[in-house]
Amino acid sequence: MSRNVMERLMHKLCVDRVVKQRFKEDIEGLLSRYKLDDAEKDMLRHMDIPAMQAHGVNPMLTLGFWFENASDPSPMAYMKALQKPAGAVTKQG
């Protein structure tokens, strides 16, 4: 697994407008540029915060990733997403 690569991409999705726009417009193209396994790609595609945290991703990165990329970036929606079992989150937006 490539948690460090995933964390670097998530950081870029929080600070780089070009990467964030590509995530919204061509997620598959963006993900193909990174050495991520299928499970990690699914976590990002579906914004599966519980799975990300179970995978060892820094919780501050998951929070920033959610607020910058979720269709409902509210704290309440983030907390609701955290309560779902890992792998049970559906795609945002």
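Kindly evaluate L30 against the criterion of being under 13 Å from the mean Cα position of the chain (by Cα), in contact (Cβ under 8 Å) with a residue 24 or more places away in the chain and part of a helix (DSSP H, G or I). Don't jump to the end; show me each part of the working.
On the way: under 13 Å from the mean Cα position of the chain (by Cα): yes; in contact (Cβ under 8 Å) with a residue 24 or more places away in the chain: no; part of a helix (DSSP H, G or I): yes.
No: the conditions fail for L30.
Name the single residue that is surrounded by the fewest Cβ atoms within 10 Å (Cβ to Cβ) among those in region 12-23 being of a type in the set (D, E, K, R) and over 21 Å from D38 (Cβ atoms). Spell out how you get there, then give the answer.
Of the residues in region 12-23, the ones of a type in the set (D, E, K, R) are 12, 16-17, 20, 22.
Cutting the leftovers down to over 21 Å from D38 (Cβ atoms) gives us 16-17, 20.
Working: D16: 13, R17: 8, K20: 16.
Of everything passing the filter in region 12-23, R17 is surrounded by the fewest Cβ atoms within 10 Å (Cβ to Cβ).
Of everything in region 58-83, what is of a type in the set (D, E) and part of a helix (DSSP H, G or I)? Give them in sequence order. Steps first, please.
Step one: filter region 58-83 for residues of a type in the set (D, E), giving 68, 72.
Correct list: E68 only.
Based on what the data block shows, is L9 crowded, with 17+ Cβ neighbours inside 10 Å, touching a helix residue (DSSP H, G or I) at 6+ places or on another chain (Cβ under 7 Å) and assigned to a helix (DSSP H, G or I)?
Values: crowded, with 17+ Cβ neighbours inside 10 Å: yes; touching a helix residue (DSSP H, G or I) at 6+ places or on another chain (Cβ under 7 Å): no; assigned to a helix (DSSP H, G or I): yes.
Spelling it out, it is not the case that L9 is crowded, with 17+ Cβ neighbours inside 10 Å, touching a helix residue (DSSP H, G or I) at 6+ places or on another chain (Cβ under 7 Å) and assigned to a helix (DSSP H, G or I).
Hey, could you check region 33-70 for residues that are polar (S, T, N, Q) and under 10 Å from the mean Cα position of the chain (by Cα) and say which is surrounded by the fewest Cβ atoms within 10 Å (Cβ to Cβ)?
To start, the set of residues in region 33-70 that are polar (S, T, N, Q) comprises 53, 58, 62, 69.
Now narrow it down to the ones that are under 10 Å from the mean Cα position of the chain (by Cα): 62, 69.
On the way: T62: 24, N69: 18.
If we take residues in region 33-70 being polar (S, T, N, Q) and under 10 Å from the mean Cα position of the chain (by Cα), then N69 is surrounded by the fewest Cβ atoms within 10 Å (Cβ to Cβ).
Every number in this text was worked out from the coordinates using simple rules, so none of it is lab data. Worth saying up front: this structure is predicted, and the values here are computed from it rather than measured. Here the Cβ is made from the backbone with ideal geometry for all residues, glycine too, and neighbour counts use every protein chain on show.
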